[in-house]
Amino acid sequence: MKTKKIELIVSPPEAHYVGDGFRVHNFIPGAYHLDMQRMNPFILMDYNSKFYFPPSETPRGVGVHPHRGFETVTIAYHGKVAHHDSTGNSGVIGEGDVQWMTAASGILHKEYHEKSFSQAGGIFQMVQLWVNLPAVSKMSPPKYQGIVNSAINKYLLPENSGVIEVIAGNYKDVKGAASTFTPVHLLNAKLNKGGKAEFSFPDNYTTALLVIEGAVKINESEIVPTDHFVLFENEGEDFTVEASENAVVLVLSGKPIHEPISAQGPFVMNTRKELVEAFEDFNHGKFGFLED
Ligand code: MN
């Protein structure tokens with residue numbers, strides 16, 4: 001097997017606020033050439049790096065808004081997010097938990113700091129990833145997978161190197177907790193200092209990682225610090241990640257969906273016409289109802 005080399009290391013772009021509760025670095029789309037087509041099936045990555053939110057009686061967050069044509073995946077590292085959507089699903093995404101929400105044909109939802117976290121204040125750290133859906137699934141019914149940390153299968157690395165949490169896809173023979181529409185691997189590698197993990201994905205998959213905690217050395221050569229994003233070449237299969245200090249790394253790899261993308265705001269479709277329909281359907285209340 002051939003080594004998968006680094007194509008690009010991206011330092012965190014300047015942060016901006018989504019609503020008043022998410023202070024994010026937007027890596028996908030926009031940073032350098034991490035556009036939707038290149039990063040497909042990963043069409044957005046907003047990263048709230050570690051940030052202290054002071055106590056607030058009114059939970060900070062994002063009010064009611066729609067999505068259509070993809071899935072939103074929220075991975076909580078510090079702090080808690082509460083969520084409600086127009087299909088009646090709601091829940092709290094706690095530390096170590098993942099919410100995999102399939103917007104598909106359309107939902108309305110709102111995302112807020114969970115009440116007790118908001119009242120106490122604290123360090124908040126979170127990733128939101130949007131996973132594209134193929135044309136054939138864009139208008140399928142919405143669904144919701146609330147995945148608590150205990151439900152995520154873990155691969156114990158040898159020699160006390162750490163653990164790989166398999167959110168989706170697989171790591172070696174351990175299968176992911178979430179079901180996906182197209183092949184997607186999403187892994188949290190929690191490595192002890194000096195610990196090393198090997199990864200192998202098909203050469204044509206879009207493969208990247210984000211250093212959440214600590215620093216890592218990739219392919220025994222390049223050091224990547226906290227909050228930095230690495231895009232790999234679409235060539236070669238194997239790479240290694242070694243923790244220079246205790247580290248947490250989010251690893252993503254997915255089969256590209258070779259279809260046109262027409263995206264605006266909260267809608268990601270294949271054509272301009274479908275985008276116009278999405279706005280019309282939203283304006284005509286076809287995404288259901290959710291109280292503010
Ligand atoms: Mn949303």
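The values are calculated or read from the model by the stated rules, or taken from the named source; none is laboratory data. Everything numeric in this text was worked out from a predicted model, so none of it was measured. Cβ sites come from the backbone with ideal geometry, for glycine too, and all protein chains shown count toward neighbours. Calculation scope for accessible area: heavy atoms of the full protein, side chains included, ligands and nucleic acids excluded. Shrake-Rupley method; radii C 1.70, N 1.55, O 1.52, S 1.80 Å.
Listed values, structure above:
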{"read-out": "Positions within region 58-97 being buried (at least 17 other Cβ atoms within 10 Å of the Cβ) and away from the ligand (no atom under 15 Å from the Cβ), in sequence order", "value": "Pro59, Tyr77, His78, Gly79, Lys80, Val92, Gly96, Asp97"}
{"read-out": "Test result for Val230, within 16 Å of the ligand (Cβ to nearest atom) and within 16 Å of Pro29 (Cα to Cα)", "value": "no"}
{"read-out": "Counted residues, region 260-292 - those being within 26 Å of the chain's Cα centre (by Cα), in a helix (DSSP H, G or I) and farther than 19 Å from Val136 by Cα", "value": "2"}
{"read-out": "Single residue of Ser140, Ser118, Ser105 found to be open to solvent by less than 20 Å² (accessible area, probe 1.4 Å), away from the ligand (no atom under 15 Å from the Cβ), at pLDDT 95 or above and not charged (D, E, K, R)", "value": "Ser118"}
{"read-out": "Cβ pairs under 6 Å, 6+ apart, first in region 254-278 and under 24 Å from Ala208 (Cβ atoms) and within 16 Å of the ligand (Cβ to nearest atom), second assigned to a loop (DSSP other than H, G, I, E, B) and of a type outside the set (A, V, I, L, M)", "value": "Phe267/Gly69; Val268/Gly69"}
{"read-out": "Tally, over region 170-226, of residues that are assigned to a strand (DSSP E or B) and among the polar types (S, T, N, Q)", "value": "5"}
{"read-out": "Residues satisfying the stated conditions in region 242-254, i.e. buried (at least 23 other Cβ atoms within 10 Å of the Cβ) and β-branched (Val, Ile, Thr)", "value": "Val249, Val251"}
{"read-out": "Val174 being β-branched (Val, Ile, Thr), surrounded by fewer than 22 Cβ atoms within 10 Å (Cβ to Cβ) and in contact with a Lys or Arg (Cβ under 6 Å, 6 or more places away or on another chain)", "value": "no"}
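For every residue, the table says whether it meets (1) touching a Leu at 6+ places or on another chain (Cβ under 9 Å); (2) open to solvent by 50 Å² or more (accessible area, probe 1.4 Å); (3) aromatic (Phe, Trp, Tyr); (4) in a strand (DSSP E or B).
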{"position": "Pro12", "(1), (2), (3), (4)": "no, no, no, no"}
{"position": "Phe27", "(1), (2), (3), (4)": "yes, no, yes, yes"}
{"position": "His33", "(1), (2), (3), (4)": "yes, yes, no, no"}
{"position": "Tyr47", "(1), (2), (3), (4)": "yes, no, yes, yes"}
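Matching residues to (1) touching a residue at least 40 places away in the same chain (Cβ under 8 Å); (2) farther than 25 Å from Ser253 by Cβ:
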site	(1), (2)
Gly91	yes, yes
Glu111	yes, yes
Ser116	no, yes
Leu129	yes, no
Pro134	yes, no
